[in-house]
Amino acid sequence: MKASISSTLVRADLVAEPGQVVAVVGPNGAGKTSLLRALAGLLPSTGTVELAGRDVSALPLHERGVGWVPQAPSLFAHLSARDNAAFALRARGLSRRAARKAADEWLSRLGIGHLGDSRPGALSGGQVARVALARALVANPALVLLDEPLAALDTATRDDVRRLLRSTLAGGRASVLVVTHDPVDVVALADSVLVLEDGVVMQHASPAEVAVRPRSAWVAGLLGQNAWRGIADETGLRTASLGSTGDLAGHVPGHIAAAETLPAGTPALALCEPAAVTLHRMRPSGSARNVLAGQVGELRSLGGRVRVVVQSDPPVTAEVTVGAATELGLADGGLVWAAVKATEVRLVAL
Amino acid sequence: MKAPQGAAARPPLLLVLPAVAGAALLLIPLAALLTRTPWGRLSDLLVRADVQQALWLSLRCAVAATALSLLLGVPLAWVLARTRLPGRRVLRGLVTVPLVLPPVVGGVALLLAFGRRGVLGPLLVEAGAVPAFTLWGVVLAESFVALPFLVLTVEGALAALSLASEEVAGTLGARPSRVFFTVTLPTIAPSVAAGAVLSGARALGEFGATITFAGSLPGRTQTVPLSVYALLQDDPPAAYALSAVLLAVSVILVLSLRPRLR
């Protein structure tokens with residue numbers, strides 16, 4: 001799939017090989033759904049969409065041959081799971097019998113072969129997601145567009161359906177775009193990540209590349225890193241927000257010190273792993289160059305560790321052991337000091 | 001023993017008294033009709049040739065008017081709900097006019113359009129198909145008043161329907177007409193059925209537009225409501241009995257709608 005499209009809501013050039021899964025990520029309102037709708041032909045756009053070497057951009061919706069699963073799966077409530085899955089083949093003129101046979105094969109492949117006679121109303125969320133997937137894949141489309149296919153599912157089901165997506169889609173005939181908010185999907189499903197912000201593509205690269213060199217603070221945050229956007233200077237990065245609570249010996253407000261610097265004036269991101277951030281109830285006096293103060297915000301447990309958002313300016317996420325969190329009394333809130341060594345801060349030019 | 005929890009406060013008389021009066025206004029006439037109906041004569045009456053003729057005529061015309069309303073009304077509702085045609089809003093307003101128009105005015109308007117001396121009269125005379133004062137006139141008059149019920153019901157259902165299913169059907173290769181018949185129509189079928197019942201009920205009870213446009217010719221255009229009116233002069237008990245029949249039909253129709261009009 002090769003596309004170069006432009007609409008009022010989104011503009012994008014992208015290439016996805018058959019069998020390649022592209023995770024489409026971005027903040028709310030970035031144009032992720034619009035991108036999918038434009039590719040499917042549901043949203044008017046200019047430009048070209050090449051599927052299997054053929055430009056389909058001038059074709060009406062029903063002649064594009066795109067598999068589309070919207071956010072709400074929207075199964076046809078009056079049809080059985082089997083007839084939902086058979087719909088595309090019936091629309092292409094296949095006999096009812098042949099279409100149902102192919103539909104049953106797809107349902108079995110997705111682990112719900114026994115539910116062919118069920119009406120959508122009688123199915124669980126995970127089963128609905130599978131039927132919607134079977135319906136989109138049955139006619140062997142060259143492009144499959146999945147709009148948050150896992151968002152509505154509970155955690156266990158989500159893992160099952162994700163595995164299923166991976167095994168069904170990877171290496172197949174279709175290029176696949178998956179809109180997601182979940183970093184696990186990016187790591188587990190995607191061959192590449194397309195980062196959309198304000199309707200334009202910020203970055204399209206492998207998950208590893210995006211993790212190491214994110215081109216936006218948003219995607220760095222998605223992948224769990226602290227990221228501050230700003231302009232590089234001689235000692236680090238001047239952040240867009242001017243800090244007011246963080247000033248302490250050695251720390252300049254609105255400034256993140258880094259050991260390795262970039263040419264001054266370069267727009268850049270300063271990144272650091274939450275595990276590299278230490279927390280203190282008293283002003284730390286060690287060698288850390290970056291010290292920020294703020295109220296304890298959200299706490300989130302991650303296995304044996306706890307992620308803490310410190311509402312400093314700019315905000316910092318720290319990851320500490322449960323023992324340290326207890327010792328610091330983080331559950332009680334209050335003011336804490338977050339410290340990051342300059343050697344733990346990595347600058348990435350934008 | 002505990003006191004009952006959340007005992008309902010006594011409803012205010014200011015509301016209860018008018019409510020009782022309102023219910024009485026609706027129910028007393030119906031009760032009166034049932035008490036005066038000559039139940040013993042009902043079976044004799046229902047086999048009378050003229051009564052059977054009127055019943056049969058009413059049934060045929062109401063069914064035809066309902067079918068015509070479905071045939072024209074569902075597409076009209078779709079156009080109103082789904083297209084961006086200029087004048088769509090005005091059209092939607094005009095479609096509802098027959099709901100509030102005095103039926104006799106509708107009849108006059110129909111005469112002026114499709115009557116022998118109407119706007120389209122010369123054309124219709126030439127074609128030899130003037131509907132006024134014929135069975136087709138009855139169907140036309142009934143459709144005129146019944147169509148809005150269908151259009152409004154179906155349009156409401158279409159407007160409330162999420163577009164997502166139809167969009168998916170399109171991406172799956174269904175052309176727009178196929179999407180309509182295999183996805184849209186089955187999804188709104190309950191509303192279409194409800195609209196058809198409402199239209200049919202309205203058609204069956206039509207009086208004013210029918211008598212004005214099609215007359216009250218026994219055996220040709222005299223439907224049951226018109227024959228009730230005619231019988232009221234010569235044979236009141238027969239009129240009561242026929243009225244009771246219409247009431248029964250209405251109750252059956254209301255019951256058929258009940259799961260939807262909760």
- Query: Before we move on, is A:PRO207 in contact (Cβ under 8 Å) with a residue 24 or more places away in the chain, on the phi < 0 side of the Ramachandran plot and within 14 Å of another protein chain (Cβ to nearest Cβ)?
  - Reply: no
- Item | Unique residue being touching a Gly at 6+ places or on another chain (Cβ under 7 Å), farther than 16 Å from A:ILE5 by Cα and not in a loop (DSSP other than H, G, I, E, B) when the list is A:ARG100, A:ARG82, A:ARG90 | A:ARG82
- Task: Scan segment A:260-275 residue by residue and report those that are in contact with a Lys or Arg (Cβ under 9 Å, 6 or more places away or on another chain), surrounded by 17 or more Cβ atoms within 10 Å (Cβ to Cβ) and more than 17 Å from A:SER301 (Cα to Cα).
- Result: A:ALA268, A:LEU269, A:ALA270, A:LEU271, A:CYS272
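Residues are listed down the side, and each one gets a yes or a no for (1) part of a helix (DSSP H, G or I); (2) touching a strand residue (DSSP E or B) at 6+ places or on another chain (Cβ under 6 Å); (3) more than 14 Å from chain A (Cβ to nearest Cβ); (4) on the phi < 0 side of the Ramachandran plot:
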residue: B:GLU142; (1), (2), (3), (4): yes, no, yes, yes
residue: B:GLU166; (1), (2), (3), (4): yes, no, no, yes
residue: B:ALA203; (1), (2), (3), (4): yes, no, yes, yes
residue: B:GLU206; (1), (2), (3), (4): no, no, yes, yes
residue: B:ALA209; (1), (2), (3), (4): yes, no, yes, yes
- Message: Going through A:ALA151, A:ALA132, A:ALA156 one at a time, which residue ends up being surrounded by fewer than 21 Cβ atoms within 10 Å (Cβ to Cβ) and in contact (Cβ under 8 Å) with a residue 40 or more places away in the chain?
- Response: A:ALA151
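One line per residue, one yes/no per condition, for (1) under 19 Å from the mean Cα position of the chain (by Cα); (2) surrounded by fewer than 17 Cβ atoms within 10 Å (Cβ to Cβ); (3) part of a helix (DSSP H, G or I):
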| site | (1), (2), (3) |
| --- | --- |
| B:LEU85 | no, yes, no |
| B:LEU91 | no, yes, yes |
| B:VAL95 | yes, no, yes |
| B:VAL104 | yes, yes, yes |
| B:LEU110 | yes, no, yes |
| B:LEU123 | no, yes, yes |
| B:ALA129 | no, yes, no |
| B:PHE133 | no, no, no |
- Message: Looking at (1) part of a loop (DSSP other than H, G, I, E, B); (2) at negative phi; (3) away from chain B (no Cβ under 14 Å), which one does A:LEU59 not meet, given that it meets all the others?
- Response: (3)
- Considering each residue of segment B:174-196, count those that are at the interface with chain A (Cβ under 7 Å from one of its Cβ atoms) and crowded, with 23+ Cβ neighbours inside 10 Å, and give that number. 2
- Note on the structure: Of the residues in segment A:7-44, those that are without any contact (Cβ under 8 Å) to a residue 40 or more places away in the chain and in a loop (DSSP other than H, G, I, E, B) come to A:SER7, A:THR8, A:ASN28, A:GLY29, A:GLY41, A:LEU42, A:LEU43, A:PRO44
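Working only within segment A:80-101, note down all residues that are within 13 Å of chain B (Cβ to nearest Cβ), surrounded by fewer than 19 Cβ atoms within 10 Å (Cβ to Cβ) and of a type in the set (A, V, I, L, M, F, W, C). So that I can check it myself, show each step before the final result.
From segment A:80-101, those within 13 Å of chain B (Cβ to nearest Cβ) are A:80, A:83-94, A:96, A:99; that's our starting set.
When the remaining residues are screened for being surrounded by fewer than 19 Cβ atoms within 10 Å (Cβ to Cβ), the result is A:92-94, A:96.
Result: A:LEU94, single match.
Take A:VAL66 and tell me if it is under 25 Å from A:GLU148 (Cβ atoms), of a type in the set (A, V, I, L, M) and more than 8 Å from every other protein chain (Cβ to nearest Cβ).
Taking the combined requirement at face value, the residue does not satisfy it.
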- Note on the structure: When (1) touching a helix residue (DSSP H, G or I) at 6+ places or on another chain (Cβ under 7 Å); (2) under 25 Å from B:GLY40 (Cβ atoms) are applied to B:SER216, the one that fails is (2)
- For residues that are within 13 Å of A:ASP313 (Cα to Cα) and of a type in the set (S, T, N, Q), tally how many sit in segment A:221-238. 1
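On the given criteria, is A:GLY47 more than 13 Å from chain B (Cβ to nearest Cβ), without any contact (Cβ under 8 Å) to a residue 60 or more places away in the chain, over 21 Å from the mean Cα position of the chain (by Cα) and part of a strand (DSSP E or B)? Full working, then the answer.
Working: more than 13 Å from chain B (Cβ to nearest Cβ): yes; without any contact (Cβ under 8 Å) to a residue 60 or more places away in the chain: yes; over 21 Å from the mean Cα position of the chain (by Cα): yes; part of a strand (DSSP E or B): yes.
Yes.
Bear in mind that the values in this text are calculations on the coordinates, not laboratory data. If you're wondering where the values come from, they're calculated on a predicted model, not measured in any experiment. Note that we place each Cβ from the backbone using ideal geometry, even for glycine, and neighbour counts take in every protein chain shown.
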